[in-house]
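Peer 1: One structure is given below, represented as structure tokens, and several questions about it will come after.
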């Protein structure tokens, strides 16, 4: 009985924290990330090499509220190369052609409640 009370207190504390400050649980790209009233930004760097290179970003998920944004830009530059916004249910593979250089893949989350699976990689277009 005492264990059940302790678990209920922990669950209530996590719920209170998530409602008040926001919570993100998960580890992209290996697991989906679950958001509860979360706002934030995640910045990852990808190095593209070779000819006919591109940055490939795969996103899928469902947000009951809020928005999710993917931005790809050359590292060190202020102007975005590509920006995509998502709301509700989505599933897309973005292929952005790049030159050999270092690129930033930026994920922006605004007041999101739901789950998102994301993966990013630099690869070459072999035809």
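Peer 1: Give me the distance in nm between label points sitting 7 Å out from Cα along the Cα-to-Cβ direction at residue 117 and residue 84, one decimal.
Peer 2: 1.5
Peer 1: Relative to the first principal axis of the alpha-carbon coordinates of the chain, what is the inclination of helix 2-21, with its axis defined by its Cα atoms, in degrees from 0 to 90 and to the nearest 10?
Peer 2: 50
Peer 1: I want to verify a result. In a Gaussian network model of the chain, Cα cutoff 10 Å, which of these has the top mean-square fluctuation: 34, 90, 54?
Peer 2: For the chain, modelled as a Gaussian network with Cα springs under 10 Å, the answer is 90.
Peer 1: Multiply the residue gap between residue 19 and residue 65 by 0.36 nm, knock off their C-alpha separation, and tell me the result in nm, one decimal place.
Peer 2: Separation in residues times 0.36 nm, less the Cα-Cα distance, equals 15.2 nm.
Peer 1: Right, next: So how do 100-106, 3-9, 19-25 stack up, highest first, on mean other-Cβ count within 10 Å?
Peer 2: Averaged packing, sorted descending, gives the order 100-106, 19-25, 3-9.
Peer 1: Compute log10 of I(q)/I(0) for the chain with the Debye formula, placing one identical point scatterer on every Cα and leaving out solvent, at q = 0.11, 0.16, 0.21 Å⁻¹, to two decimals.
Peer 2: Reported log10 I(q)/I(0), two decimals: -0.46, -0.80, -1.16.
Peer 1: Could you work out the relative contact order of the chain? I mean the mean sequence separation of Cα pairs under 8 Å and 6+ apart, divided by the number of residues, in percent.
Peer 2: Values: 299 pairs, mean separation 45.3, N = 127.
Computed value for the chain: 36 percent relative contact order.
Peer 1: Right, next: Run lengths n ≥ 4 of DSSP H only: what is the helix-derived mean residue ellipticity at 222 nm for the chain, with -39500 (n - 2.57) per run over all residues, to the nearest 500? Could the numbers behind the result be given before it?
Peer 2: Values: 1 runs with 20 residues, N = 127.
Taken over the chain, the calculation gives -5500 deg cm²/dmol.
Peer 1: Rank these for me by crowding, 38, 17, 27, going from fewest to most other beta carbons within 10 Å.
Peer 2: 27, 17, 38
Peer 1: Any idea what the alpha-carbon Rg over 2.2 N^0.38 Å comes to for segment 1-69?
Peer 2: 1.64
Since every read-out is calculated from the coordinates, none of them should be taken as a lab result. All values reported here derive from a predicted model rather than from experimental measurement. Virtual Cβ from ideal backbone geometry, glycine too; neighbours counted across all protein chains shown.
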